[in-house]
Amino acid sequence: MNIKRRELIKAALLAGVAGPMSAALAQTKRTINKNPVLISTWNYGRKANAVAWPILEKGGSSLDAVEAGVKLAEADPNARTVGYGGLPDREGKVTLDACIMDSRFNCGAVLCLEQIMHPISVARMVMERTPHIYLTGEGALQFALANGFKKTNLLTPESEADYIEWLKTSNYKPEKNIENRLGGELNHDTIGMLALDNTGNLSGACTTSGMAYKMRGRVGDSPIIGSGLYVDNGAGAATASGVGEEIIRIAGAHLVVGYMEQGLSPENACRKAVEKIVKINPDKSRDLQVGFIALAPSGAYGGYSIQPGFTYAVKSGTKEEVFKAKSFYR
């Protein structure tokens, strides 16, 4: 057999293999999930899901849904760790962090933003109207004001009273503080939301006022793409809640999505990330809380936490429920 003939046979064989594979890939791309799903952190997520769901139900985008959902918490003075009414830093200033990410790896975030009711909407504008991903502090405020946002005093009388009481001792133990609000209807820590729309696209949002009485300028995981939130349309989406420093150490949300890409279910992916935090510092992990939730492109979802008490809310066309996440410690 001459060289030319061998090359022709080889090319034919490769075409025969590639043909079915290409057809299968094309079929996969044509398969569209027609069953939207929302998943949000904590009990409060049920209320946020109720606001976001009509957008998905009418065929709207997952990005619009997650923005609308977390805005509810940002404007609720009873949500004492998010937005308006959030507990201040140790100097009495309410500073907000938020990020948002869509199905095409577009993302935007604001850090240490003051006097703006809806940091998640500012984060989306950073994503859509600037070449940047992060804006911080005074620069983030200037950008917000230039784009039509108005200044609002975010420190409510209730939060100010709590702050004045805290000043009597100025005792700062964020690991313990987080335990005091596990699963609470009003005090629920960060709110993170993930959505899958009826075009099969994932998006996520995460927003917080951060640790109560934190050092001035402190930023946790919530606005950090890859730590507090990550979205990969082909693999899944994840968001986190809890002591942000521990989540940042492992790039938590990205790690969860990476585990899903390897084939793990959303719950098992969250569990593996939690186990890594515990492995890094098993003694410290006994005194802190971290929880992850995740959503797969198929619509499968799950969550897992270090301590008992972490909850997440799910809304779909057939389900509306708050789940107690499984935990490393019982």
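The values are calculated or read from the model by the stated rules, or taken from the named source; none is laboratory data. Note that the coordinates shown come from a computational prediction; the quantities given were computed from them, not determined experimentally. Cβ placement follows ideal geometry from the backbone for every residue including glycine, while neighbour counts extend to all protein chains displayed.
Table for the structure above
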{"quantity": "Residue ID - nearest to the chain's Cα centre (by Cα), chosen from residues in the range 147-165 that are assigned to a helix (DSSP H, G or I) and within 11 Å of G92 (Cα to Cα)", "calculated": "S159"}
{"quantity": "Residue list for the range 230-242, filter: buried (at least 19 other Cβ atoms within 10 Å of the Cβ), out of contact with any Gly (no Cβ under 7 Å at 6 or more places or on another chain) and under 19 Å from A109 (Cβ atoms)", "calculated": "Y230, A238"}
{"quantity": "Which listed residue is crowded, with 24+ Cβ neighbours inside 10 Å and touching a strand residue (DSSP E or B) at 6+ places or on another chain (Cβ under 9 Å), from L72, L56", "calculated": "L56"}
{"quantity": "Any hit, the range 238-248, residues being assigned to a loop (DSSP other than H, G, I, E, B) and either of a type in the set (D, E, K, R) or farther than 22 Å from V126 by Cα (or both)", "calculated": "yes"}
{"quantity": "Top-ranked residue of the range 267-324 - restricted to ones that are in contact (Cβ under 8 Å) with a residue 12 or more places away in the chain, outside any loop (DSSP other than H, G, I, E, B) and acidic (D, E), ranked as nearest to V51 (Cα to Cα)", "calculated": "E320"}
{"quantity": "Test: P77 is surrounded by fewer than 23 Cβ atoms within 10 Å (Cβ to Cβ) and either more than 17 Å from D189 (Cβ to Cβ) or of a type in the set (G, A, S) (or both)", "calculated": "no"}
{"quantity": "Hey, S227 over 28 Å from V110 (Cβ atoms) and either of a type in the set (A, V, I, L, M, F, W, C) or at pLDDT 95 or above (or both) or not", "calculated": "no"}
